[in-house]
Amino acid sequence: MKVIAVAISCLLALSAVSADTCFSDVSMDCSQASNSLVFSGLPSCNAIYGHFSRQGNVASELQAYANLHLRRSYEYLLSAAYYNNYQTNRMGFSKLFTKLSDDTWDKTIELIKHITKRGGTMDFARRSTQETITAAKNSTIELQELESLAHALDTQKEIAERAFFIHQEATRNNHKTHDPEIAQYLEEEFIEDQAETIRKLAGHTSDLKQFIVQNDGNDLSIGLYLFDEYLQKTV
Amino acid sequence: MKILSLAFFLAVCSAAYATQCNVDPVNVPKQWITMSRGCRDSVRKQIQMEVSASIQYLAMGAHFSRDSINRPGFANLFFEASKEERQHAMKLIEYMLMRGELTNNLTSLINVRAPERKTWSSGQEALEDALKMETEVTKAIRTVIVNCEHDRSAAAGQDDNDYHLVDYLTGEFLEEQYKGQRDLAGKATTLKKMMDRHSALGEFIFDKKLLGIDI
């Protein structure tokens, strides 16, 4: 009986070596009398499946995506601070940026968790291939009201378009990196909300533009005040 | 294209028609703004330190979330700690705004840099590392207190004691630091005892305990 069992496990071990499965790792090491398990570490026993972390750029783009969220989150926090100082004193704008900061912060942690869920590791130095180096440098936090909304709109679009890019890499049109789990995760957790946020910000800039343009610009100071009050109540 | 249009937008709004898009800045009396420079600079530095700590905790959360590490309790603990550090930075910012600060030089206030450390050999090591980090933060807060209680760079005759900020840092921040340190030290001790003879089991059980699961 014992002999047969050993023979079977040996056979299994041999036949499965090339298969690279967790089971083959386990049965190969467990069939040996010595403590080979200590050294082997069962390399195939991990959460990685599909192409994730193996082929293509979905895993590394997700790392970069988490970093983008982290960076934007602290940028929005600074904008929120700027609009809360006594000279600008626009609490509504401050609230708007605080919300953007909180949301992108939560997404940062979400993304890190999801990367590790799929067997990946987080690399905080990773940048996307989509990123332009110049864009990040010459940005200042201290913008006027409409400018700040414009900047928020642009950066939110960048975040949304990055999701599109990763999604595209993960869809079946791309055989090398096809990953439906990542595609649906992006759709459910990011893409839907992003459309909402972008539409809202675009609406804000459109309203604010009206206040500036119409009535020969005489509505400007009261318009900005009222719009800030409106943001305080609705954000 | 995007950069071009942004540049165009900036040019339109800030240069040619400066008054078209914004209300000119107004001046109100400034005598009420009394934070001294040395004190202000110290708080600014402290804000950056809290941000860096938040990112370091993120890296710890990421490490313990990995499939080969699989310690969701530890990961949770560190992600929560990360959120707390961010909250501390926000509280300090809030305070400075109350005192009339942060009207300029906002952009350089926070720098997001990759964390220094990325892996830990065990939960025990991470807890001790966290405790070390908190001790450093506490020390830094004490330095801010010293600088705000007696600002050496203040002009002669200027009242250089920022009583209120010193009280706020002492009462709120140090209190939280000491409680946090005690909590981490207690956890590190318990875990170390559990690891004494049954390290794999000890860490597993401790992790589930952190998750609130009794096994």
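No value in this document is a laboratory result; all are computed from the given coordinates. All of these numbers come straight from a predicted model, not from anything done at the bench. When we count neighbours, we look across all protein chains shown, and the Cβ atoms used for this are built from the backbone with ideal geometry, even at glycine.
Among the listed pairs B:Lys91/B:Lys209; A:Lys107/B:Lys179; A:Lys200/B:Lys91; A:Lys99/A:Lys200; A:Lys99/B:Lys118; B:Lys83/B:Lys179, which are separated by more than 20 Å between their Cα atoms?
In this structure, B:Lys91/B:Lys209; A:Lys107/B:Lys179; A:Lys200/B:Lys91; A:Lys99/B:Lys118 exceed 20 Å between Cα atoms.
Can you tell me what the convex hull of the Cα atoms of segment A:57-234 projects to on average, as an area in nm²?
11.1
Let a ≥ b ≥ c be the square roots of the eigenvalues of the Cα gyration tensor of the protein assembly as shown; is it rounded (a/c under 1.5), or, if not, prolate (a/b larger than b/c) or oblate?
Oblate is the answer for the protein assembly as shown, as a/c is 1.5 or above yet b/c matches or exceeds a/b.
Considering every residue in B:21-28, what mean count of other chain Cβ atoms within 10 Å of its Cβ is obtained?
4
Taking θ = phi - 60°, what integer Hz values does the Karplus form 6.51 cos²θ - 1.76 cosθ + 1.60 yield along segment B:114-122, in sequence order, with x for Gly and Pro?
Going residue by residue, I get 4, x, 5, 10, 10, 10, 9, 6, 7 Hz, with x marking Gly and Pro.
Using only DSSP helix segments of four residues or longer, with each worth -39500 (n - 2.57), what per-residue ellipticity at 222 nm results for chain A after dividing by its residue count and rounding to 500?
Helices in chain A give a 222 nm mean residue ellipticity of -22000 deg cm²/dmol.
Counting only helical runs of four or more DSSP H residues, what would the 222 nm mean residue ellipticity of chain B come to if each run contributes -39,500 (n - 2.57) and the total is spread over all its residues?
-21000 deg cm²/dmol
Under unit Cβ charges (Lys, Arg +1; Asp, Glu -1), what dipole magnitude, rounded to 20 debye, does segment B:32-130 have relative to its Cα centre?
320
In segment A:57-234, with Lys and Arg counted as +1 and Asp and Glu as -1 at Cβ, which of these residues, A:Leu77, A:Ile198, A:Ala152, has the Cα nearest the positive end of the dipole, that is, farthest along it?
Positive-end residue among those listed: A:Leu77.
If you take the square roots of the eigenvalues of the alpha-carbon gyration tensor of chain B and sort them as a ≥ b ≥ c, do you get rounded (a/c under 1.5), prolate (a/b over b/c) or oblate?
The shape class here is oblate.
Along the charge dipole of the protein assembly as shown, Cβ charges K/R +1 and D/E -1, which of A:Met28, A:Gly119, A:Tyr65 sits furthest on the positive end?
Checked the options; the winner is A:Met28.
How about segment B:56-120: which GluC sites (Glu not before Pro) there are in a DSSP loop, with at most 14 other Cβ atoms within 10 Å of their Cβ?
B:Glu116
When only DSSP loop residues count, what trypsin sites (Lys or Arg not before Pro) in segment A:126-235 have their Cβ near at most 16 other Cβ atoms within 10 Å?
A:Arg127, A:Arg172, A:Lys176
For the protein assembly as shown, what is the charge dipole size about the Cα centre, in debye to the nearest 20, if Lys and Arg each add +1 at the Cβ and Asp and Glu each add -1 at the Cβ?
The dipole of the protein assembly as shown has a size of about 1000 debye.
Could you rank the peptides A:67-73, A:216-222, A:31-37, B:134-140 by their average count of other C-beta atoms within 10 Å per residue, with the highest value first?
A:67-73, B:134-140, A:216-222, A:31-37
Could you order peptides B:142-151, A:110-119 by the average number of other Cβ atoms within 10 Å of their residues, highest first?
A:110-119, B:142-151
Looking only at other chains, what is the average number of their beta-carbon atoms within 10 angstrom of each beta-carbon in A:41-52?
The per-residue average across the peptide is 1.
Per residue of A:69-82, how many C-beta atoms from partner chains lie within 10 Å of its own C-beta, taken as a mean?
Counting other chains' Cβ atoms within 10 Å and averaging over A:69-82 gives 4.
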